[in-house]
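To start, the structure under review is shown below, and the notes come after it.
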C-alpha cells in the first residue's frame with residue numbers, strides 16, 4: 001500500500017482488524033473495517049473506488065488442504081460475489097492475486113511460463129484457478145477488466161506474527177524465539193522467493209500501465225531449496241537452528257520456479273533485492289515486533 005500511496009493514489013484498505021494496522025505506516029491509507037463474508041460490507045467498501053486489488057484469502061494452503069470445502073464456501077463464493085459487485089459499482093480494473101508454482105502443478109518442468117498448462121493438485125491452487133476462470137467470464141460477459149498476478153513466494157516485513165504461511169517468516173520467527181524449525185522431507189524442495197517490496201513495484205507496473213495480457217507471473221525467477229533457506233536463516237540470525245523433519249504432503253510439488261519473461265519483455269526488468277539482504281531486513285522487523293509484544 002505504501003507503493004500505491006507513493007504513486008499519489010488514494011487507498012482504502014478492507015480489513016477485519018479495528019486497531020491501527022501495520023500496513024498504514026504513513027497514516028495515508030483509509031482503513032475500512034469489514035467482513036469479507038458480508039456482501040453488505042463489500043458493497044459499502046467499493047463506493048467511490050476505481051480499482052480493486054483482491055488479495056484476500058480466508059484460508060492458507062494448509063487449512064484448505066485439511067478441509068477443501070472451506071475454499072469453496074469462502075474464497076470462491078465470496079470472490080464471485082465481489083466480482084458481481086465490481087460490475088455493479090463500475091470498477092475499472094480488478095487486480096487479482098493468484099498463486100504461482102502451485103497452479104501449474106507437476107504437468108511440466110519449471111520454470112513455469114504463463115502459457116504452460118495449469119494442473120493444480122492442492123485445493124488452494126484449484127480455487128485460485130477457478131477464480132481466474134471466473135474473471136475471464138466476467139470480462140467476457142460484463143466487460144470487467146482484470147489482471148491476474150501469479151505470485152511466487154513473497155516474504156518481507158509486516159506479516160503478522162504467528163502466521164502459518166510462508167517458510168521464510170516462519171523460520172525467522174521460530175529461530176528468533178529459539179523454537180524448532182520444521183523442514184518437510186529432506187529440504188531439497190525448491191521454491192521461487194521474492195521480496196515483498198519488489199512484488200509491490202511489479203504490481204504497480206501492471207495496475208498503472210496497459211498490460212497486454214490477462215495473466216502475469218510475478219517472482220524472482222530463481223529457485224532456492226529449503227536447505228538453502230535454513231542456512232541463510234542461521235546466517236542472518238547468528239543462531240544455530242534446531243531442525244525437525246516431517247513428511248512432504250502429497251499435494252506439494254517438488255519444484256516451482258516462475259519464468260517472468262512476459263513481464264520483463266513488456267515492462268522491463270526491475271532490480272531485485274538480494275535475498276540475504278531481504279531476509280536481514282525481515283529478521284530485524286520480526287525481532288522488533290517480538291520485543292514490543294513481549
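When you restrict to C-alpha pairs under 8 Å that are six or more residues apart and normalise by the size of region 149-294, the relative contact order lands at 37 percent. Peptides 79-87, 95-103 ranked from most to least packed, by the mean per-residue count of other Cβ atoms within 10 Å: 95-103, 79-87. Counting beta carbons within 10 Å around each of 265, 15 and listing the fewest first gives the order 265, 15. Highest average first, the peptides 240-249, 283-292 ordered by how many other beta carbon atoms sit within 10 Å of their residues are 283-292, 240-249.
Modelled spin labels at residue 288 and residue 88, positioned 7 Å past Cα toward Cβ, are 4.1 nm from each other.
Using a simple spin-label model with pseudo-atoms 7 Å out from Cα toward Cβ, residue 141 and residue 188 lie 4.6 nm apart. As a proxy for reagent exposure, 53, 195 were ordered by neighbouring Cβ count within 10 angstrom, fewest first; the result is 53, 195. The residue 35 and residue 10 beta-carbon pair, evaluated with R₀ = 25 Å, returns a calculated FRET efficiency of approximately 0.60. Ordering 281, 33 by the number of other Cβ atoms within 10 Å of each residue's own Cβ, fewest first, gives 33, 281.
Note on the chain: Cα-Cα pairs beyond 23 Å make up 57% of the total pair count.
Scoring 118-125, 226-233, 60-67 by mean Cβ neighbours within 10 Å over their residues and listing the highest first yields 118-125, 226-233, 60-67.
Under the criterion of Cα pairs below 8 Å and six or more residues apart, the relative contact order for the chain equals 19 percent. Relative to the longest principal axis of the Cα atoms of the chain, the long axis of helix 77-88 makes an angle of roughly 40 degrees. Modelled label positions at residue 239 and residue 162, each set 7 Å beyond Cα in the direction of Cβ, lie 1.7 nm from each other. At a Förster distance of 30 Å, what's the computed FRET efficiency of residue 177 paired with residue 280, Cβ-Cβ distance as r, to 0.05? Plugging the Cβ-Cβ distance into 1/(1 + (r/R0)^6) gives 0.95. Reported to the nearest whole Å, the Cα centre-to-centre distance from region 216-248 to region 88-158 is 25. Computed over the chain with a Gaussian network model linking Cα atoms closer than 10 Å, the most mobile of 130, 115, 148 is 115.
Indicate the gyration tensor shape class of region 150-201 (rounded, prolate or oblate), computed on the Cα atoms with a ≥ b ≥ c the square roots of the eigenvalues: a/c under 1.5 is rounded; otherwise a/b larger than b/c is prolate and the rest oblate. Oblate is the answer for region 150-201, as a/c is 1.5 or above yet b/c matches or exceeds a/b. Between residue 231 and residue 51, the FRET efficiency estimated from the beta carbon spacing at R0 = 41 angstrom works out to 0.50. Relative to the longest principal axis of the Cα atoms of the chain, the long axis of helix 275-293 makes an angle of roughly 90 degrees.
Bear in mind these aren't lab numbers, they're just calculated from the coordinates by the rules spelled out. None of the values given here were measured: they were computed from a predicted structure. Cβ sites come from the backbone with ideal geometry, for glycine too, and all protein chains shown count toward neighbours.
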